[in-house]
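Beneath this line is the structure, given in structure tokens, with notes to follow.
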Amino acid sequence: MPKPFAWLAISAIAGTVLAAAGTSAWAQTPDAADAWDSTYQPIASTPTLIRNATVLVGDGLRLDGADLLMRDGLIVEVGSSLSAPDGTTQIDATGKWLTPGLIDVHSHLGVYPSPGARAHADGNEMTSPVTPQVWAEHSVWPQDPGFGAALAGGVTTLQILPGSGNLIGGRGVTLKNVAAESYQAMKFPDAPHGLKMACGENPKRFYGGKGQAPMTRMGNVAGYRAAFQEAVEYREAWRRHESRGQNPSTSRRGSAGSGNENRQGPPKRDLRMETLAAVLEGEIMVHVHCYRADEMAVMLDLAREFDFHIAAFHHGVEAYKLADRLAQENVCGALWADWWGFKMEAYDGIVENIALVDRPEGSCAIVHSDSAEGIQRLNQEAGKVMGHAAAIGMDIPPQRAIRWLAENAARSLGILERTGTLEAGKMADVVLWNRDPFSVYAQAELVFIDGALLYDRNDPRRQPVTDFMLGQEVSP
Amino acid sequence: MIRSIQGAALVAALFSVPLAATAQDLLIRDARVHTAAAAGTLERADILVQGGVIRAVGPDLAAPAGIATVQAQGRPVTPGLFAGLTGLGVEEVSGEAETVDSNLSLSAPGQASDHQPTWRPEFDMLPAFNPRSAAIGVSRVAGLTWTVLAPGTVAGGSFVAGQGAAVTLDGRYDAELDGSRSLFINLGADANTLAGNSRAGQFLLLDQALREARPAPSPAMAAITPGHGLLTALGRETMMRYGRGGRVVFHVDRASDIRQALKLAERAGFKPVIAGGAEAWLVAGELARAEVPVLIDALVNLPQRFDHLAARLDNAARLHAAGVQVMFSQSGDATHNARKIRQLAGNAVANGLPWEAGLAALTRIPAQSFGVDDRLGSIEVGKQADLVLWTGDPLEVTTVAEQVWFNGRPASMQSRQTRLRDRYLQPPGPLPRAYSH
């Protein structure tokens with residue numbers, strides 16, 4: 001099992017570190033290290049065989065008239081004429097389409113939930129431009145009716161991010177789209193955290209408007225650099241401390257210092273720096289809200305200076321202007337189909353943006369929503385792009401476009417080994433559509449999460465209703 | 001590059017350029033004609049346009065000598081689409097206040113308006129309209145040929161937002177469509193801070209304004225010193241005019257508020273239109289009986305606010321089934337992304353609205369509701385030839401507009417966005433891309 005939270009674990013037990021022999025022992029310390037872990041449990045399911053569907057595997061393959069078997073929460077096999085063991089639920093999918101569960105890498109469900117009451121505005125800790133210490137998951141209201149609406153749109157996994165008011169807004173969390181009373185019970189097991197950063201207008205407008213830094217784009221960059229330099233030094237302090245703990249007599253750093261240094265306790269725990277140090281270690285995926293091509297180029301240099309990797313630029317309405325570079329540097333573009341013009345940095349949006357970002361070899365184009373409405377229709381966003389691409393002679397078949405909604409999204413979240421394609425051994429996150437999913441008329445009929453049928457368009461008993469909506473006097 | 005050349009070749013193939021006929025004569029051959037009128041959809045029909053007006057619709061029309069002919073090859077043709085209630089031409093970049101002219105705010109937020117009323121129903125958006133806004137080009141190439149400019153409400157203004165009207169998007173300066181002038185009143189939770197923090201305050205103030213505007217004001221009313229009434233003299237005239245059956249668009253979502261708006265319209269003498277209408281299906285019977293058309297956003301299905309608790313994806317279908325005239329308008333980015341309005345129609349159809357009603361909600365019904373159906377909104381003899389040829393089903397997200405015509409003249413199918421696209425579609429050359437144009 002990966003240990004994505006190694007930095008958390010290290011610091012969470014800082015008080016006991018001196019007694020430990022090495023880092024491996026720290027992670028074994030219970031309780032504190034387990035705090036905030038996922039408590040998600042797949043819902044019990046029967047083995048299910050879906051027969052004779054058009055299957056978009058998610059990795060670029062399309063299989064016509066194919067079957068999919070899932071059992072114990074996992075995909076067992078995708079192929080032709082699969083046999084069903086006794087007790088298997090069988091579903092005739094003739095004329096229907098099967099895809100991986102859709103993944104939205106940019107959602108504020110739960111942190112800006114419905115109803116959008118003032119008391120519910122929990123997505124932007126705009127008390128300081130650098131707040132890596134806040135975690136979006138600590139704001140998530142699991143009763144947001146938007147989760148169920150997204151499920152009806154085929155979304156099985158989503159990343160909840162802090163807003164873009166800050167240069168460094170905090171940690172994002174990846175959730176499985178299951179109804180639960182706590183976010184921990186939705187948390188995607190062992191998924192890495194995301195770090196939300198923001199370029200451009202939002203941070204400088206808000207803080208500059210108050211007469212404080214950042215007031216300009218150069219102020220933005222100075223803010224990121226100061227924070228990451230602090231993180232470099234924080235990590236260095238911990239490394240020095242660790243090396244003393246592991247082998248005090250031979251630690252070069254330890255012996256080079258004064259005698260006092262060896263008797264020092266661990267560096268003071270800093271929740272802000274803990275997050276950024278984990279970014280430097282590659283344990284947290286970096287997601288940057290950034291519209292303009294020139295600003296993305298600036299952020300790529302920031303990443304170079306401090307030696308971290310940017311998983312994805314979000315919104316990127318100008319990503320088409322540096323599509324080749326994004327592909328070369330293994331950076332995803334999480335984009336809308338058609339939003340533009342609502343502010344200066346969105347003025348150059350084009351509907352073919354995703355198609356152009358998708359074009360280079362090794363690219364990673366993603367459809368994202370940033371919207372409680374858009375998350376319900378990620379497939380239609382892709383459809384718009386496909387139609388406009390076809391009009392300029394770029395034919396993008398469904399088996400490729402589905403990657404924007406699943407495989408590439410999973411890649412940017414660091415969960416591709418678990419979900420994002422319909423491959424044996426992966427989580428059985430599966431959507432059955434009534435037709436080609438890129439049509440405006442397409443509807444998700446059945447949605448499975450870890451093999452459990454959690455949405456059935458034709459069965460109200462298989463549709464979640466949040467506590468908030470239960471009993472409201474507005475039903476037909 | 002590929003695109004521009006292909007596009008040019010396609011246009012050359014489609015149009016055989018005439019010698020004798022005028023620029024506003026056109027014959028579209030062999031189209032799937034969605035008339036948006038009683039005739040419904042005609043397969044493999046022709047449309048003859050002369051002098052910018054539709055002269056005939058049917059199979060195998062005789063071609064006047066030299067007329068420009070387009071072979072639709074079975075592809076759909078619709079009337080030019082309604083863009084919804086927008087700020088097209090009055091809003092360039094939403095976040096840059098000096099480029100936005102869609103809201104009137106005469107008193108700074110927080111300041112009392114001692115010297116002049118903030119209620120200015122006489123406010124008219126049309127003088128601010130700029131037909132050369134980039135957003136208009138972006139909308140035009142997407143098949144949108146007309147819109148209704150709708151003023152909004154901001155702090156320092158009034159929930160009686162002022163007047164707007166329908167405009168054509170063909171690029172002309174004098175773009176207003178006669179007979180479409182409307183007054184916009186924005187009710188509900190958003191208006192509370194401008195109405196003494198009570199929804200009931202909205203109706204109190206409206207009743208006060210109506211009383212002020214009553215013809216032949218009593219001596220007591222005439223004695224009201226300027227600044228202490230809600231309305232100026234012009235405002236009183238405006239309210240009076242709308243009180244004689246003028247069209248008033250109430251932006252309102254909650255069912256109980258919709259009912260109050262209908263009652264107010266009745267006692268004021270307004271001809272009401274409901275916009276927003278997230279809970280309109282709950283009062284569909286009353287809307288149908290009163291023959292009040294409704295503009296809805298068919299993608300609104302979440303209880304995003306307490307005014308929306310009953311929002312449903314089948315709102316349009318339920319209203320239509322009850323006999324309400326349904327049309328679409330967006331609640332989100334209505335101006336820049338006006339083109340998304342087709343997606344609203346498609347989703348309404350996916351959720352139970354008959355397809356023909358989905359198209360009518362983008363064409364005939366808004367034309368009727370805003371008083372321009374003598375010219376626009378359907379493909380019928382005598383109507384203005386604002387037409388769109390589509391690559392496929394016009395309500396489908398994968399479809400794009402192939403050609404748009406205004407008064408029979410082909411519109412440019414280039415916008416700022418297609419130019420940006422074409423620039424970056426090409427691999428970089430020896431010179432920077434700034435030299436590719």
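This table checks each residue for (1) part of a loop (DSSP other than H, G, I, E, B); (2) open to solvent by less than 10 Å² (accessible area, probe 1.4 Å); (3) out of contact with any Ser or Thr (no Cβ under 9 Å at 6 or more places or on another chain).
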{"residue": "A:Glu283", "(1), (2), (3)": "yes, no, yes"}
{"residue": "A:Val288", "(1), (2), (3)": "no, yes, yes"}
{"residue": "A:Met299", "(1), (2), (3)": "no, yes, yes"}
{"residue": "A:Leu302", "(1), (2), (3)": "no, yes, yes"}
{"residue": "A:Ala327", "(1), (2), (3)": "no, no, no"}
{"residue": "A:Trp340", "(1), (2), (3)": "yes, yes, yes"}
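Do we find that A:Gly65 is touching a residue at least 12 places away in the same chain (Cβ under 8 Å) and in a loop (DSSP other than H, G, I, E, B) in this structure?
no
Of the residues B:Thr69, B:Thr86, which is more than 16 Å from B:Met125 (Cα to Cα) and either surrounded by 18 or more Cβ atoms within 10 Å (Cβ to Cβ) or away from chain A (no Cβ under 13 Å) (or both)?
Criteria check complete, one pass: B:Thr69.
Could you grab me the full set of residues in the range B:268-315 that are basic (Lys, Arg) and modelled with pLDDT under 95?
Listed by number, the list holds a single entry, B:Arg305.
Residues being among the hydrophobic types (A, V, I, L, M, F, W, C), crowded, with 24+ Cβ neighbours inside 10 Å and more than 12 Å from the chain's Cα centre (by Cα): count how many of those fall in the range B:356-375.
Total meeting the criteria: 2.
Report the residue count in the range A:429-442 for those that are out of contact with any Pro (no Cβ under 9 Å at 6 or more places or on another chain) and surrounded by 16 or more Cβ atoms within 10 Å (Cβ to Cβ).
7
Could you go through the range B:197-211 and let me know if any residue there is away from every other protein chain (no Cβ under 14 Å) and under 28 Å from B:Glu98 (Cα atoms).
Within the range B:197-211, none of the residues are away from every other protein chain (no Cβ under 14 Å) and under 28 Å from B:Glu98 (Cα atoms).
Looking only at the range A:188-207, count how many residues are of a type outside the set (Gly, Ala, Ser) and open to solvent by less than 10 Å² (accessible area, probe 1.4 Å).
Going through the range A:188-207 one residue at a time, the tally reaches 8.
Evaluate the following for B:Arg305: is it open to solvent by 20 Å² or more (accessible area, probe 1.4 Å), in the same structural domain as B:Ala367 (by TED's automatic domain parsing), in contact with a Leu (Cβ under 9 Å, 6 or more places away or on another chain) and in contact (Cβ under 8 Å) with a residue 60 or more places away in the chain?
The answer is no for B:Arg305.
Name, by its number, the condition in (1) more than 9 Å from chain A (Cβ to nearest Cβ); (2) part of a helix (DSSP H, G or I) that does not hold for B:Thr418.
Just one mismatch for B:Thr418, condition (1).
Within the range A:137-148, identify whether any single residue is under 14 Å from the mean Cα position of the chain (by Cα) and either surrounded by fewer than 24 Cβ atoms within 10 Å (Cβ to Cβ) or within 21 Å of A:Met273 (Cα to Cα) (or both), and answer yes or no.
yes
The values are calculated or read from the model by the stated rules, or taken from the named source; none is laboratory data. On a predicted model such as this, the values are computed, not experimentally measured, just so you know. Positions of Cβ are generated from backbone atoms using ideal geometry, with glycine treated the same way; all protein chains shown enter the neighbour counts. Remember, those area values only see protein heavy atoms, side chains included, never the ligands or the DNA or RNA. Shrake-Rupley method; radii C 1.70, N 1.55, O 1.52, S 1.80 Å.
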